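Data block below; observations after.
The values are calculated or read from the model by the stated rules, or taken from the named source; none is laboratory data. As the structure is a prediction and not an experimental result, all values here were calculated from the model. Note that each Cβ is placed from the backbone with ideal geometry, even for glycine, and that neighbours are counted across all protein chains shown.
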Amino acid sequence: MQLEALHATGSVEERLGLKTHKLRKQREKILKTRLSSDSFIDRVIDKMVSSDFIMKCITWPTGIAFLGGLEAGNIVVEKHEISHAMIPEAFDGFKILHLSDHHFACMKGQVENIAKVIDGLEYDLVLITGDYMHKYYEPVSLALDELEKLYPLLKAPALTILGNHDSLDIVEGMETIGYKVLLNEAWKVSKGDASIFVAGVDDPYYFESDDIAAASDNIPKDTFSILLTHSPENYIEAEHQGFDFLLAGHTHGGQFCLPGGYAPLHHGRCPRSMNKGLWRYGELTGYTSRGCGTVSIAARLNCKPEVAVHCLTK
Ligand SMILES: [Fe+2]
């Protein structure tokens, strides 16, 4: 298998485009400076009404935090077949390992938990749909240290995107480790003369710096193409641009669900059917991962963390 970048190399600024880069950096800065410039009283009040604090008030006294902590460490493997007429013969049986939403600083031991479940898996390519950091203003080294431990455990090249918790400052460190970060860019994946294409967009949720048109610019028509997007909310444009398969995360599947898996709260700006698992919109097949990690507190309820293996079939 060969990988070929369909975009020019250069700085993060050049690759994302000057205008988009400036907009994203400004939004990151506003989020950071608002927190540092608020008064002590404002910061205490903000903490008291934050979702993290409310979540702790509910889950600690009720024991949900303890039980949910056990569930959060229990990563399961989801396996799916993705059939499409455009999948080339040479890619029949091609397997993709899909990881998402690590939020490494929220919960210790996640790389070890992932290692246990991926050790026996077979796959040809790794695709990761963002959110390595827990808080976008934390040092990027917290996530990079874990990504560095994870990388040698992966048995195939890893194409990745950023999520709404990730600062652009993490890109250089990730690429030094060996991850390929797609900033509204695409890669050609070839086996002999046959190829499929993987495009990835920057975060559509907080930073709104996703550009599906730019990411799909160099992808030939009538080929099988996959779009990585942190949140599935841009599904209409993805289908319109002709993508066949969309991989996303972000929602955590609700993280705290009722028995049976119904999520009272979900964070996607998309229909509930796209909150987790396989879904369909027009000609587009999508998959929203529940993610490997947790956010706010290291707990889940009736919503196990996952890694997924998507097997392409002709
Ligand atoms: Fe997210």
Fill in the blank from the handout: Apart from one, (1) free of Cβ contacts under 8 Å to residues at least 60 places away in the same chain; (2) within 16 Å of the ligand (Cβ to nearest atom); (3) closer than 23 Å to Tyr136 by Cβ; (4) buried (at least 23 other Cβ atoms within 10 Å of the Cβ) all hold for Ala215; the odd one out is (2)
Exercise for the section: Look at Asp166 and say whether it is under 16 Å from the mean Cα position of the chain (by Cα) and either within 16 Å of the ligand (Cβ to nearest atom) or surrounded by fewer than 22 Cβ atoms within 10 Å (Cβ to Cβ) (or both). Expected result: yes
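One residue is enough: does region 230-237 have a residue meeting the conditions out of contact with any helix residue (DSSP H, G or I) (no Cβ under 9 Å at 6 or more places or on another chain) and either free of Cβ contacts under 8 Å to residues at least 12 places away in the same chain or surrounded by fewer than 18 Cβ atoms within 10 Å (Cβ to Cβ) (or both)?
Checked against the condition, which is being out of contact with any helix residue (DSSP H, G or I) (no Cβ under 9 Å at 6 or more places or on another chain) and either free of Cβ contacts under 8 Å to residues at least 12 places away in the same chain or surrounded by fewer than 18 Cβ atoms within 10 Å (Cβ to Cβ) (or both), region 230-237 yields at least one hit.
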Practice task
Determine the pairs where a residue that is closer than 21 Å to His98 by Cα and outside any helix (DSSP H, G or I), located within region 64-88, has a partner that is among the polar types (S, T, N, Q) and modelled with pLDDT of 95 or more with Cβ atoms under 6 Å apart, the partner being 6 or more residues away or on another chain.
Solution key: Gly73/Asn113; Ile75/Asn113; Glu81/Thr313; Ser83/Thr313
Exercise for the section: Working only within region 175-193, note down all residues that are under 14 Å from the mean Cα position of the chain (by Cα) and either closer than 13 Å to Val140 by Cβ or hydroxyl-bearing (Ser, Thr, Tyr) (or both). Expected result: Tyr179, Val181
Practice task
Determine, yes or no, whether Cys303 is under 19 Å from the mean Cα position of the chain (by Cα), closer than 24 Å to Asp119 by Cβ, within 16 Å of the ligand (Cβ to nearest atom) and not in a strand (DSSP E or B).
Solution key: yes
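Within 16 Å of the ligand (Cβ to nearest atom), within 20 Å of the chain's Cα centre (by Cα) and modelled with pLDDT of 95 or more, is that true of Gly249?
Yes; evaluated as a whole, the condition is true for this residue.
Yes/no matrix, rows are residues, columns are (1) at pLDDT 95 or above; (2) within 26 Å of Thr33 (Cα to Cα); (3) more than 16 Å from the ligand (Cβ to nearest atom):
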site	(1), (2), (3)
Gly120	no, no, yes
Tyr132	yes, yes, no
Tyr136	no, yes, no
Leu144	yes, yes, yes
Pro152	yes, no, yes
Glu172	yes, yes, yes
Val198	yes, no, yes
Asp211	yes, no, yes
Problem - Search result, residues across region 222-234 that are within 16 Å of the ligand (Cβ to nearest atom) and outside any loop (DSSP other than H, G, I, E, B) - result: Leu228, Pro232, Glu233, Asn234
Problem - Scan of region 238-262 for residues that are assigned to a loop (DSSP other than H, G, I, E, B), in contact (Cβ under 8 Å) with a residue 60 or more places away in the chain and not small (Gly, Ala, Ser), ordered by number - result: Asp244, His250
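When region 1-29 is examined, which residues are found to be within 30 Å of Asp124 (Cβ to Cβ), part of a helix (DSSP H, G or I) and among the charged types (D, E, K, R)?
Scanning region 1-29 gives a single hit, Arg15.
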Handout entry: Inter-residue pairs, beta-carbon under 8 Å, first hydroxyl-bearing (Ser, Thr, Tyr) and in region 6-33, second not in a helix (DSSP H, G or I), 6+ apart
Key = Thr20/Asn184; Thr20/Asp202; Thr20/Ser209; Thr20/Asp211
